[in-house]
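First up is the structure itself, then whatever we jot down about it.
The values are calculated or read from the model by the stated rules, or taken from the named source; none is laboratory data. Remember, it's a predicted structure, so these values are computed and weren't measured experimentally. Here Cβ is always computed from backbone atoms with ideal geometry, including for glycine, and neighbour counts include all displayed protein chains.
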Amino acid sequence: MPYIIDGNNLIGCSGDISLHDPEAREKIIPLIRRFQESKKTKITVVFDGEPQAHPAKQHLGPKFAILFPRLGHSADDEIKRILTDYRQSHEVILVSSDRELKAFAKERGAKTMNSIEFYYMLKRTTYIHGKREEHQKRIDTAVPQSEVEQWLKIFDQ
């Protein structure tokens, strides 16, 4: 299922990233990206404000896009436009805690998820991904041949 994420709303619901942090977007994107890669689903993140050294529309892969509203519009306006243009909106999940935006999405048949709930999904995915990487590093650890020979000598082989 594709996700449309109200980016600033998600940052505002996170416990460890502040909207006042100039790098807040750069901090949340890797979390969303890891979730997207694990679920292999399409994700569109819409942020309010200016793109800050990013183009107004940025694709980070075939299934991951970051959007900023057109001049004179808000992220909510952009999300509503996306939902209106979506052919099969009943397959979409809107991530936002904005009541008006969620009501709009539900009218279009989309599913909704609170930002705080999604944030904890992101954190859980990051934790699981980190554990997998740690486990894989243990598996991939190579023992140098000299160490193998040393152990063989110790055990008289």
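Go through the residues of the stretch 74-95 one by one and say whether even a single one is assigned to a loop (DSSP other than H, G, I, E, B), farther than 12 Å from ILE5 by Cα, at pLDDT below 95 and of a type in the set (Gly, Ala, Ser).
Here is the first cut: in the stretch 74-95, the residues assigned to a loop (DSSP other than H, G, I, E, B) are 74, 86-88, 92.
Okay, now just the ones that are also farther than 12 Å from ILE5 by Cα, so 74, 86-88.
Those still in the list that are at pLDDT below 95 too: 74, 86-88.
Remaining after also requiring of a type in the set (Gly, Ala, Ser): 74.
Yes, there is a match, as at least one residue in the stretch 74-95 is assigned to a loop (DSSP other than H, G, I, E, B), farther than 12 Å from ILE5 by Cα, at pLDDT below 95 and of a type in the set (Gly, Ala, Ser).
Quick grid of which residues meet (1) at pLDDT below 90; (2) within 30 Å of CYS13 (Cβ to Cβ); (3) not in a helix (DSSP H, G or I):
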residue	(1), (2), (3)
GLU100	no, yes, no
ALA105	no, yes, no
THR126	yes, yes, no
GLN136	yes, no, no
SER146	yes, no, no
GLN157	yes, no, yes
query: Within the stretch 66-97, which residues are in contact (Cβ under 8 Å) with a residue 60 or more places away in the chain and either in contact with a Phe, Trp or Tyr (Cβ under 9 Å, 6 or more places away or on another chain) or closer than 14 Å to VAL45 by Cα (or both)?
result: ALA75, ASP76, ILE79, ILE82, LEU83, VAL92, ILE93, LEU94, VAL95, SER96
statement: Given (1) more than 23 Å from the chain's Cα centre (by Cα); (2) at pLDDT below 75; (3) assigned to a loop (DSSP other than H, G, I, E, B), GLY61 misses just (1)
statement: Checked against (1) more than 11 Å from the chain's Cα centre (by Cα); (2) under 21 Å from ILE116 (Cα atoms), ILE5 satisfies every condition except (1)
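Tally time: how many residues in the stretch 20-37 are in a loop (DSSP other than H, G, I, E, B) and surrounded by 14 or more Cβ atoms within 10 Å (Cβ to Cβ)?
As a first pass, look at the stretch 20-37 and keep what is in a loop (DSSP other than H, G, I, E, B): 20-23.
When the remaining residues are screened for being surrounded by 14 or more Cβ atoms within 10 Å (Cβ to Cβ), the result is none.
Residues in the stretch 20-37 being in a loop (DSSP other than H, G, I, E, B) and surrounded by 14 or more Cβ atoms within 10 Å (Cβ to Cβ): 0 in total.
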Pair list, Cβ < 7 Å and 6+ apart or interchain, from the stretch 112-125 residues that are surrounded by 16 or more Cβ atoms within 10 Å (Cβ to Cβ) to residues that are of a type in the set (S, T, N, Q) and in a helix (DSSP H, G or I): SER115/ASN9; THR125/SER38
